[in-house]
Amino acid sequence: MKKLVPITFSVLILINFSFSINKSKLLWFDATANFERLSNPDSIKFYVHKAKEIGFTELVLDVKPITGEVLFNSNFAPKMKEWNGIIRPDSIDFISLFISEAHKLGMKVYASLNVFVAGHNFFDRGLVYQDKAHWQSLNYTDSGFVPISRLKHKYSAMTNPAMQEVQEHELNIIEEVASKYPELDGIILDRVRYDGIESDFSILSKHLFEEYINEKVQNYPDDIYKWTINEKGEKVRVNGKLFNKWLEWRASVIYDFMKKARERLKRINPEMLFGTYTGAWYPVYYEVGVNWASQKYDPSSEYDWATPEYKIFGYAELLDIFTAGCYFFEVTKDEVEKINDELIKRNEAGMQKTRDYWYSVEGSAEIAKRVVMNVVPVIGGLYVEQYKGHPEQFVKAIKMCLDKTDGLMIFDIVHIINFGWWEILKKTLK
């Protein structure tokens, strides 16, 4: 029998450190926030090299922003040649240059595409402001049915994911990116979701839902939900008898699209990785119509909003890459319990104003790992803007992601530049 050698504390530290070093570390480059920065070849080379120096292993390049425009010559979408007064010359393929420079340094590059969105409401710019107004989501708000382009507190003019014309448009662009840039390591889809619980209530969605349940909805939209006045005189939402089935149908819409998207991508390039980016707050993510869990996980065993069939539309098994945004200032679960009402500031889709443990980096990371059930690695994402003025909290969040998930994603490089946090990142990652 071999003699067992006890593991000392120092060895444990080394094991943990090595485990962290080997994890994926992604840095995101938003299309519009970095439009000027990535319009110059020298600037591209500088920031790619800077990312490598800091310790990042993979880069995510946004090539289709929320306006519905793209950053390359396309047969399906208009090219974004100008943003905020900056004109990008056509003489250089900046995407190819970005990929080439990163590959020289041994880093992987993923292209990111914003999917079910086609307009920027703060600028009245995008496809829904041109000839695709019929694509936009019709939201059932406490003021009635409102096209999303009129909801100016929402910057993303989301589309109706159930519309086949919209789906085919997005699938064509996914294929186009994979064909034009075969050197990409993968594609990460963003905003593959509904705008929120209030969307989409168009007549098309009603008819498609009726086909799904094989019966007519007698009272639409009240059988889904209705708005009423409570004892305090406030407008509140009251769920109807078909609410849970409606959630199930919406999840089926997103699942079917993700399945088609993976198939179309793999048909072009079987080696190219297929991934997505979602919020990590799974217990309330049903509000945006998405079930990113494994099909082995049954949410109906824990949550009253899920039907027994809801689990069928978990799409984790379709993914090669999964980034879950742990978008919270509060890092630990204990911090959430101590927060007061005035400090609860949550603006992401599907979030609510409660003190549940998943409204923390730690809690959301844990639940993401649990429901995905190891069918795909979970990469914890951080929104740097949330830590403005609190670098120590940012460091804690980074360490929590690396401890609780299979990697780290930083959104976005623009905040690192603006805050001057290069050295903070370098020390934390290395």
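Quick notes on this structure:
- The lone criterion from (1) in contact with a helix residue (DSSP H, G or I) (Cβ under 9 Å, 6 or more places away or on another chain); (2) more than 14 Å from ILE203 (Cα to Cα) left unmet by PRO161 is number (2).
- Sole residue being of a type in the set (Asp, Glu) and touching a Leu at 6+ places or on another chain (Cβ under 8 Å), chosen from ASP142, ASP131, ASP124, ASP185: ASP185
- You will find that of TYR297, TYR225, the residue that is among the hydroxyl-bearing types (Ser, Thr, Tyr), over 26 Å from the mean Cα position of the chain (by Cα) and buried (at least 18 other Cβ atoms within 10 Å of the Cβ) is TYR225 and no other.
- Strands (runs of 3 or more DSSP E) fully within region 61-163 counting 3 or more residues that are more than 24 Å from the chain's Cα centre (by Cα): 144-147
- Only one entry in SER24, SER18, SER39 is of a type in the set (Ser, Thr, Tyr), over 15 Å from SER112 (Cα atoms) and modelled with pLDDT under 95, namely SER18.
- Restricting attention to region 268-282, the residues that are surrounded by fewer than 20 Cβ atoms within 10 Å (Cβ to Cβ) and touching a residue at least 40 places away in the same chain (Cβ under 8 Å) total 3.
- Reported count of residues in region 95-124, each being surrounded by 21 or more Cβ atoms within 10 Å (Cβ to Cβ) and closer than 13 Å to VAL63 by Cβ, is 10.
- Scope region 357-394; condition within 20 Å of TRP28 (Cα to Cα), of a type outside the set (Val, Ile, Thr) and not in a helix (DSSP H, G or I); matching residues: PRO377, GLY380, GLY381, LEU382, TYR383, LYS388
The rows are residues; the columns are (1) touching a Cys at 6+ places or on another chain (Cβ under 7 Å); (2) under 21 Å from GLY144 (Cα atoms); (3) surrounded by fewer than 21 Cβ atoms within 10 Å (Cβ to Cβ).
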| residue | (1), (2), (3) |
| --- | --- |
| GLU165 | no, no, yes |
| GLU168 | no, no, yes |
| LEU171 | no, no, yes |
| GLU176 | no, no, yes |
| ARG193 | no, no, no |
| SER199 | no, yes, no |
| TYR212 | no, no, yes |
| GLN218 | no, yes, yes |
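- Test result for GLU168, free of Cβ contacts under 8 Å to residues at least 24 places away in the same chain and assigned to a helix (DSSP H, G or I): yes
- Top-ranked residue in region 20-48 [being acidic (Asp, Glu) and not in a helix (DSSP H, G or I); ranked as nearest to VAL376 (Cα to Cα)]: ASP30
- Scanning region 259-276 for residues that are in contact with a strand residue (DSSP E or B) (Cβ under 7 Å, 6 or more places away or on another chain) and hydrophobic (A, V, I, L, M, F, W, C) gives ALA261, LEU265, MET272, LEU273, PHE274.
- Restricted to region 283-294, and to residues there that are farther than 14 Å from VAL375 by Cα and in contact with a Ser or Thr (Cβ under 8 Å, 6 or more places away or on another chain), the residue that is surrounded by the most Cβ atoms within 10 Å (Cβ to Cβ) is VAL290.
- Test result for ALA397, assigned to a helix (DSSP H, G or I), under 16 Å from the mean Cα position of the chain (by Cα) and either crowded, with 21+ Cβ neighbours inside 10 Å or among the polar types (S, T, N, Q) (or both): no
The values are calculated or read from the model by the stated rules, or taken from the named source; none is laboratory data. All figures in this text were calculated on a predicted structure; none of them were measured in a lab. Virtual Cβ from ideal backbone geometry, glycine too; neighbours counted across all protein chains shown.
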